[in-house]
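Take a look at the structure below.
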Amino acid sequence: MSIFQKLFGSDQVEQESFINQLAKRRTIYNIGKNVNVQSQEMDQLIRQTVRLSPSAFNSQSSRVVNLFGESHQNFWNIVKETLSQIVPAENLKATNDKIDSFAAGFGTVLFFEDQDVVKGLQEQFAAYADNFPIWSEHSTAIAQFAVWIALSEQNLGASLQHYNPIIDEQVAEKFNIPTNWKLRAQLVFGSIEEKAGDKGFMEDHLRFKTFN
């Protein structure tokens, strides 16, 4: 049974509750390539997860580029080369080590938002024009979170990175990205080589109010 069937096509696999999935999702920095699934299966999992993610006015403005193998490595080479031109020399080794830890993973998901979709909605619904860029950010955040949960459900670790906009031009050229796609985040993932530590939480009274 493929990973895709397990998530979306079989009632034989008992899924964890959503709350448990939320608790399971953590930021994992120490990742590797010890993944027992094919990149094609991961590609389909990510695509279906983004398809099912909600967006304002059902705009479906999210765009995704999945990178595996050499393309995954090439992406992080771009990040490393870009940072080498702006990071002070005394901090360069630590920066390179950090980028190498991402390159050690299995794959990277690049999240974009289609600005033509946003502009089209602004023109079509002028009364809400100021809100559509904000709602676009909501849409990509939902897609990012949904993919992160889906990866976590498969016992894969991930961390969300934001090296945009300093890498945008090089990434667009390397991967033939349309000019109307705006890079918003990079989710790098792989096998969990070291688990995350305990997570602390703020006191509820600082975050929540309830009225009846």
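Quick notes on this structure:
- One residue alone among Glu113, Glu70 is outside any helix (DSSP H, G or I) and of a type in the set (D, E, K, R), and that residue is Glu113.
Okay, residues lined up against (1) among the small types (Gly, Ala, Ser); (2) closer than 30 Å to Lys24 by Cβ:
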{"site": "Asn58", "(1), (2)": "no, yes"}
{"site": "Glu70", "(1), (2)": "no, no"}
{"site": "Val87", "(1), (2)": "no, no"}
{"site": "Ile99", "(1), (2)": "no, yes"}
{"site": "Gly120", "(1), (2)": "yes, no"}
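- Per-region count, the range 22-74, residues in contact with a strand residue (DSSP E or B) (Cβ under 7 Å, 6 or more places away or on another chain), closer than 26 Å to Asn96 by Cα and of a type in the set (Lys, Arg): 1
- Failed item in (1) open to solvent by 50 Å² or more (accessible area, probe 1.4 Å); (2) more than 23 Å from Val87 (Cβ to Cβ); (3) in contact (Cβ under 8 Å) with a residue 60 or more places away in the chain, with Ile166 passing the rest: (2)
- Residue count, the range 101-114 (criterion: touching a helix residue (DSSP H, G or I) at 6+ places or on another chain (Cβ under 8 Å) and open to solvent by 30 Å² or more (accessible area, probe 1.4 Å)): 1
- Residues in the range 99-126 that are in contact (Cβ under 8 Å) with a residue 60 or more places away in the chain and polar (S, T, N, Q): Ser101, Thr108, Gln115.
- Hits in the range 18-61 - residues which are free of Cβ contacts under 8 Å to residues at least 12 places away in the same chain and either basic (Lys, Arg) or assigned to a loop (DSSP other than H, G, I, E, B) (or both): Asn36, Gln38, Arg51
Let's see how each residue does on (1) in a helix (DSSP H, G or I); (2) over 24 Å from Ser59 (Cα atoms):
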residue	(1), (2)
Leu121	yes, no
Tyr128	yes, no
Phe132	yes, no
Trp135	yes, no
Pro165	no, no
Leu187	no, no
Gly190	no, yes
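- For the range 137-161, the candidate set comprises residues that are outside any helix (DSSP H, G or I) and under 23 Å from Phe75 (Cβ atoms); within that set, the residue that is nearest to the chain's Cα centre (by Cα) is Leu160.
- Of residues in the range 132-150 being without any contact (Cβ under 8 Å) to a residue 60 or more places away in the chain and open to solvent by less than 70 Å² (accessible area, probe 1.4 Å), the one farthest from Ile19 (Cα to Cα): Pro133
- Every condition in (1) under 25 Å from Glu137 (Cα atoms); (2) without any contact (Cβ under 8 Å) to a residue 60 or more places away in the chain is met by Ser84 except one, and the failing one is (1).
The values are calculated or read from the model by the stated rules, or taken from the named source; none is laboratory data. For clarity, every value in this text was computed on a predicted model and none was experimentally measured. So basically every Cβ, Gly included, is an ideal-geometry build from the backbone, and we count neighbours across all protein chains shown. To get the accessible areas, we keep the full protein, side chains included, count just its heavy atoms, and leave off ligands, DNA and RNA. Shrake-Rupley method; radii C 1.70, N 1.55, O 1.52, S 1.80 Å.
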